[in-house]
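No value in this document is a laboratory result; all are computed from the given coordinates. Worth saying up front: this structure is predicted, and the values here are computed from it rather than measured. Here the Cβ is made from the backbone with ideal geometry for all residues, glycine too, and neighbour counts use every protein chain on show.
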Number of protein chains: 2
Amino acid sequence: MTGTTDIKPTDDRELVLTRLINAPREKVYRAWTEADLLKQWFAPLPWTTPDAELDVRPGGSNRIVMRSPEGQDFPNFGVYLEVVPNEKLVVTDAFTEAWKPSEKPFMTVILTFEDEGGKTRYTARVRHWTTADREAHEKMGFHQGWGQCADQLATLTAKL
Amino acid sequence: MTGTTDIKPTDDRELVLTRLINAPREKVYRAWTEADLLKQWFAPLPWTTPDAELDVRPGGSNRIVMRSPEGQDFPNFGVYLEVVPNEKLVVTDAFTEAWKPSEKPFMTVILTFEDEGGKTRYTARVRHWTTADREAHEKMGFHQGWGQCADQLATLTAKL
């Protein structure tokens, strides 16, 4: 798969994905932080993302609705922990808003956007609280799902 | 107990404690954020706090060592989620550093320091991810332990 390189997880509770995306990092960052853009790539087709509200600041929350091919909606809630424009985003589902604990802290996502000669080294480190959750996420199809979404992200940002 | 008022938890996963402390909020905030001061009140005597490292900023971590009367040390790790000088501090044990998930996300502590005619309305809201953890914390002696520490905090800040 073009633009994929090997990258190792930090430990056995982390899953990681990286892509070299043929767009400047400002555009890749926009696709993660502007709701109208995020809705175009966030769910792996034929799933869709009919609704997204993103309050992108430390302590800001998001609500992203994913819709199954059968039409069932799945809302996801998270809180941004760290925001460095065009460089880094950290978001967790351990809180649904600042600072209300969620029903189940499952993952914290660390996204980095690095310039590589005008392209973007896009890396998602997905950290879990337990190895069991990391394994479950992997079996749910993390690599295929996040990989497909990264491809959709790359396709969108190339057109921006 | 002087300065105590009734205050209700937000929900059944929260424990809450409040005190009216006879010191301006700047001093109460200092006692929470300066290691040399925190070591003087943080553990309920005869427990002590021999070591504390506090990197007080969003994403900064802390390491606070509590020592039992028998001499056994218990290090605690946390990360600050929100810092508003002299007004608010939010710290969680869900991470040991930014952004490394801890072994067990147990609580998020929301501290507020409000001016009441030159005194400080000090409130600690301690939120857990489960009702079971809230119950366990209560049975471990939350109200007595945090209450005793609040008294020690009040005694110290009155002398600053």
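Table for the structure above
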{"quantity": "Inter-chain shielding of B:54-63 (mean C-beta neighbours from other protein chains, 10 Å cut-off)", "calculated": "1"}
{"quantity": "Using a 7 Å Cα-to-Cβ projection, A:E97 label spacings across copies, nm, ascending", "calculated": "3.4"}
{"quantity": "Size of electric dipole in the protein assembly as shown: Cβ of Lys, Arg +1 and of Asp, Glu -1, about Cα centre, debye, nearest 20", "calculated": "300"}
{"quantity": "Label point 7 Å beyond Cα along the C-beta direction, distances from A:K8 to other copies (nm, shortest first)", "calculated": "5.4"}
{"quantity": "For chain A, with +1 on Lys and Arg beta carbons and -1 on Asp and Glu, the positive-most of A:L15, A:A132, A:A150 along the dipole", "calculated": "A:A150"}
{"quantity": "A:W47, A:W41 arranged by Cβ crowding within 10 Å, fewest neighbours leading", "calculated": "A:W47, A:W41"}
{"quantity": "Added length on full extension, which subtracts the Cα-Cα distance from 0.36 nm per residue, B:E135 to B:E97", "calculated": "11.0 nm"}
{"quantity": "Ratio of the Cα radius of gyration of the protein assembly as shown to 2.2 N^0.38 Å, where N counts its residues", "calculated": "1.13"}
{"quantity": "Residues of type aspartates and glutamates that B:K100 reaches as a straight line, Cα spacing below 18 Å, ignoring anything fewer than 8 places off in the same chain", "calculated": "A:D11, A:D12, A:E14, A:E82, A:D93, A:D133, A:E135, B:E53, B:D55, B:E82"}
{"quantity": "GluC sites (Glu not before Pro) within region B:70-109: DSSP coil, no more than 12 neighbouring Cβ in 10 Å", "calculated": "B:E70, B:E103"}
{"quantity": "Peptide A:101-110 - average C-beta neighbours from other chains (10 Å radius)", "calculated": "4"}
{"quantity": "Debye equation applied to the C-alpha atoms of chain A, log10 I(q)/I(0) at 0.11, 0.15 Å⁻¹", "calculated": "-0.41, -0.81"}
{"quantity": "Inter-probe distance in nm under a simple model that places probes 7 Å from Cα toward Cβ, at B:A35 and A:E114", "calculated": "3.1"}
{"quantity": "Other-copy label distances relative to B:T130, 7 angstrom Cα-Cβ extension, nm", "calculated": "0.8"}
{"quantity": "Contact order normalised by residue count of chain A, Cα under 8 Å, 6+ apart, percent", "calculated": "27"}
{"quantity": "Between region B:87-129 and region A:32-64, the Cα center-to-center distance that results, in Å", "calculated": "28"}
{"quantity": "Over 18 Å [Cα-Cα, region A:10-61], rounded percent", "calculated": "49"}
